[in-house]
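Peer 1: Just dropping this structure here.
The values are calculated or read from the model by the stated rules, or taken from the named source; none is laboratory data. If you're wondering where the values come from, they're calculated on a predicted model, not measured in any experiment. Glycine also receives a Cβ, built like all others from the backbone with ideal geometry; neighbour counts cover every protein chain displayed.
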Amino acid sequence: MIILNSIMSKIILKTVFSLQLSIKGGQMKSKKRISNLSKPLIIIVFVIVAFNAGVLIQPAMAERKAISSNRANIRSGPGTTYEVLWQVERYYPIEIIRTVGQWYKFKDFEGDIGWVKNTIVNSTLTVITSKENTVNVRKGPGVNYEKVFMVEKGVPFKLVQKKGNWLQIEHADGDKGWIFKGLVW
């Protein structure tokens with residue numbers, strides 16, 4: 001692709017630049033000039049070539065991951081010298097925005113941005129309660145099942161299985177149950 005872009009660039013540049021010859025004092029001088037019509041074409045070609053060569057930054061699809069350690073420091077930047085903004089527990093889900101060395105910049109369920117080292121993150125499927133009020137965790141996948149316990153907003157769980165609109169979840173302390181998927185992120 002880069003070779004094709006290089007060839008295309010040379011052809012377009014030869015076409016766009018017009019060579020004017022003028023004779024002054026018996027000497028032939030050449031001048032290169034860009035016509036007004038070709039300026040937008042140069043910009044378009046530059047953008048296409050830069051995009052294909054990877055010069056322009058493209059937003060990546062957010063990758064969902066989870067905290068794998070019992071407790072993790074969320075920092076303001078990619079390194080241990082940056083301020084600790086808050087702490088999270090195991091199974092806390094995050095969406096990766098960017099990678100810098102061994103650090104992930106991420107967004108959480110509230111839209112907060114932070115940094116975490118990649119060695120304490122994995123691809124475990126997780127959810128986190130996202131409703132303001134406490135929500136019920138049930139013994140089975142439906143409202144007819146008894147409540148096992150209640151949880152507040154911001155409690156992370158490992159996803160064990162799905163059944164319709166219900167998710168079987170497990171907390172880091174071992175508590176298990178079922179929760180309606182509309183109550184989690």
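Peer 1: Within segment 24-138, which strands (runs of 3 or more DSSP E) (wholly inside it) include 1 or more residues that are of a type in the set (Asp, Glu) and modelled with pLDDT of 65 or more?
Peer 2: 63-67, 84-89, 93-100
Peer 1: Among (1) touching a residue at least 60 places away in the same chain (Cβ under 8 Å); (2) under 17 Å from residue 64 (Cα atoms), where does residue 172 come up short?
Peer 2: (2)
Peer 1: Quick one: count up the residues across segment 153-169 that are in contact (Cβ under 8 Å) with a residue 60 or more places away in the chain and of a type in the set (D, E, K, R).
Peer 2: 1
Peer 1: If you check 90, 75, which single one turns out to be in contact (Cβ under 8 Å) with a residue 60 or more places away in the chain, within 27 Å of the chain's Cα centre (by Cα) and over 17 Å from residue 62 (Cβ atoms)?
Peer 2: The unique qualifying residue is 90.
Peer 1: Restrict the check to segment 132-152 and report whether at least one residue is within 21 Å of the chain's Cα centre (by Cα), touching a residue at least 40 places away in the same chain (Cβ under 8 Å) and surrounded by 13 or more Cβ atoms within 10 Å (Cβ to Cβ).
Peer 2: No: zero hits.
Peer 1: For segment 78-119, give me each residue that is crowded, with 17+ Cβ neighbours inside 10 Å and among the β-branched types (Val, Ile, Thr).
Peer 2: Passing the criteria: 88, 94, 96, 116.
Peer 1: Taking segment 152-169 on its own, how many of its residues are outside any loop (DSSP other than H, G, I, E, B) and either under 21 Å from residue 69 (Cα atoms) or polar (S, T, N, Q) (or both)?
Peer 2: Final tally of qualifying residues: 8.
Peer 1: Got a number for residues in segment 96-123 being closer than 20 Å to residue 170 by Cα and within 14 Å of the chain's Cα centre (by Cα)?
Peer 2: 2
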